[in-house]
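Each remark here refers to the structure printed beneath this line.
Here, each number is a calculation from the coordinates, and none is a lab measurement. No experiment lies behind these values; they were computed from the predicted model shown. Don't worry about glycine lacking a Cβ; one is built from the backbone with ideal geometry, like all the others, and counts go over all protein chains shown.
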Amino acid sequence: MAIELTPLPLPASADPSKFSDFGREVKGINPGSLSEDDFAQLRDALYKHDALLFRDVTLTPEQQYALTKAFDPESESYGHGNNKTQSTKKSILHPDLKTIPRVPQVQLIGNGTVTNHEGLASAALKHPSHTFFHKTHVSEEDSAAGITRFYRWHIDAALYELRPPRVTTLYGITVPNGASQTVRYDDGTGDELSVPLGTTAFVSGHTMFEILPPGLKSLAVRSKVRYAPHPYVWMGAAHAMPTGLGIENEGLELPLDELPSWEASKVMTLPVLWKNPVTGNLHFQVHPCGAAELLVDPLPTGATHEGALYPDGAHIKDLKEVRELLYKMQRPAIAPELVYPHDWKERDLVLFHNRGVLHTVVGAFKPDQVRAFHQCNLAASDSPAGPTDEDVKKYA
Ligand SMILES: [Fe+2]
């Protein structure tokens, strides 16, 4: 069958000129049983459009795993590993994930109590709330009036030992209805964004790079990020910025010698920009919360950028400086007009290019608002490719 792609409906807040390539609804094929030709077209569409939506889908955990794995046939384990080791139990992600027993690569996430679900007798799910992670909180009065925050902008990735998944699949099984909420950025800009209840918000990493001024493009194309060992344990006691885009500098990160045992060879050092394997575009793909150091290459010979940052290269280990640089480069791309907040309907299946977008949980549910989603991503068989020599020449 021919694959049919139509643009996703954009909210009034979005700037359509920045979403011409981003997001497509897919019709005409069944994501649960794809021919080789269907899949080749779907793969192409994912890398070109970064987020794909199927409506009214019936999908078993086995089918979801198979679909996710098709993007990286050599991948096998869940993006954060299949086994709940001591270190993953200490991780701040642990309470948010319940594994489907038959298919440990698929996680049940959501809110409220779900019973008799795919082999789980009962699962108490909790939608992550900014009140457990941000340094400052929306007041109870404002929360009751529907004010909320972005929880944590991120890439789905362990960022230690396991390589960042290529794709994440999210399948909405039970989706509560409720009034829309308003994300308040609370960073002095006055920015606000009206969002559907329980939206997943996406921004394009390609746009994040494209809108930077030349000086910051030069820095980005020359930089790599080194993540902390066991980053989700490391940041366990730390608090996030009110935009959910990184950590406040309070010195609350766990000292490296107090982390679960770790090896230098498993620490992740990844380019700031990841090269799209189909379009060749560069996507700014940094998980700001886990970033510990920046490694900046010197300007290449012949580059003449006036006032370029770190022209001779640098190894920046000062956390405050690392975070300030990343925030300066990433904050413009989460402006309200650049965010796609997905309005979940039951049986929506969203596939997103995890190496091309950042995303975040948003909003707050009441305990009786039950939501059940299946999520799958797989630790990749390869590392993301960085900029080519040509890219460096062009942007440095
Ligand atoms: Fe995620």
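Taking the Cα centre of the chain as origin and charging only Cβ (+1 Lys, Arg; -1 Asp, Glu), how large is the dipole, in debye to the nearest 20?
Working: 37 positive and 48 negative charges, 83 e Å.
Magnitude of the dipole: close to 400 debye.
What number, in percent, do you get for the relative contact order of the chain if the mean sequence gap of Cα pairs under 8 Å and at least 6 apart is divided by its residue count?
Working: 891 pairs, mean separation 115.2, N = 396.
It rounds to 29 percent for the chain.
With runs of 4+ DSSP H residues as the only contributors, calculate the mean residue ellipticity of the chain at 222 nm using -39,500 (n - 2.57) per run, divided by the residue total and rounded to the nearest 500. Please list the in-between numbers first.
Values: 9 runs with 71 residues, N = 396.
Calculated from helices alone, the mean residue ellipticity at 222 nm is -5000 deg cm²/dmol.
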(request) May I ask which residue of Val278, Gln330, Thr174 lies farthest towards the positive end of the charge dipole of the chain, with charges of +1 (Lys, Arg) and -1 (Asp, Glu) on Cβ and the Cα centre as origin? (result) Thr174
(message) At a 10 Å Cβ-Cβ cut-off, how would you order Phe71, Phe133, fewest neighbours first?
(response) Phe133, Phe71
(request) Whole Å is fine, so just give me how far the alpha carbon centre of region 331-396 lies from that of region 208-262. (result) 17
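Dipole magnitude of region 98-208 about its Cα centre, charges +1 at Lys/Arg Cβ and -1 at Asp/Glu Cβ only, in debye to the nearest 20? Mind dumping the intermediate values first?
Numbers: 9 positive and 10 negative charges, 107 e Å.
Around 520 debye, computed over region 98-208.
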(request) Starting from the Cα of Lys275, draw a straight line to each of the lysines and keep only those under 25 Å, dropping any in the same chain fewer than 8 residues away. (result) Lys18, Lys48, Lys69, Lys217, Lys224, Lys266, Lys328, Lys393, Lys394
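Determine the gain in length on full extension of the stretch Glu263-Leu97; use 0.36 nm per residue of separation and subtract their C-alpha separation, reporting nm with one decimal. All intermediate terms of the calculation are to be shown ahead of the outcome.
Values: separation 166, 0.36 × 166 = 59.76 nm, distance 2.54 nm.
Stretched out fully, the Glu263 to Leu97 stretch lengthens by 57.2 nm.
Counting only C-alpha contacts under 8 Å and six or more residues apart, can you give the relative contact order of region 89-194 as a whole percent? Write down the numbers at each step before the final one.
Values: 107 pairs, mean separation 16.5, N = 106.
Relative contact order of region 89-194: 16 percent.
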(message) Mean-square fluctuation check for the chain, GNM, Cα pairs under 10 Å: which of Asp186, Asp37, Asp156 is largest?
(response) Asp37
(message) For a protection proxy built on the mean count of beta-carbon atoms within 10 angstrom, sort 134-145, 254-265 highest first, please.
(response) 134-145, 254-265
(request) Consider just the alpha-carbon atoms of region 198-238 and return their Rg together with their Dmax, both in angstrom. (result) 14.8, 37
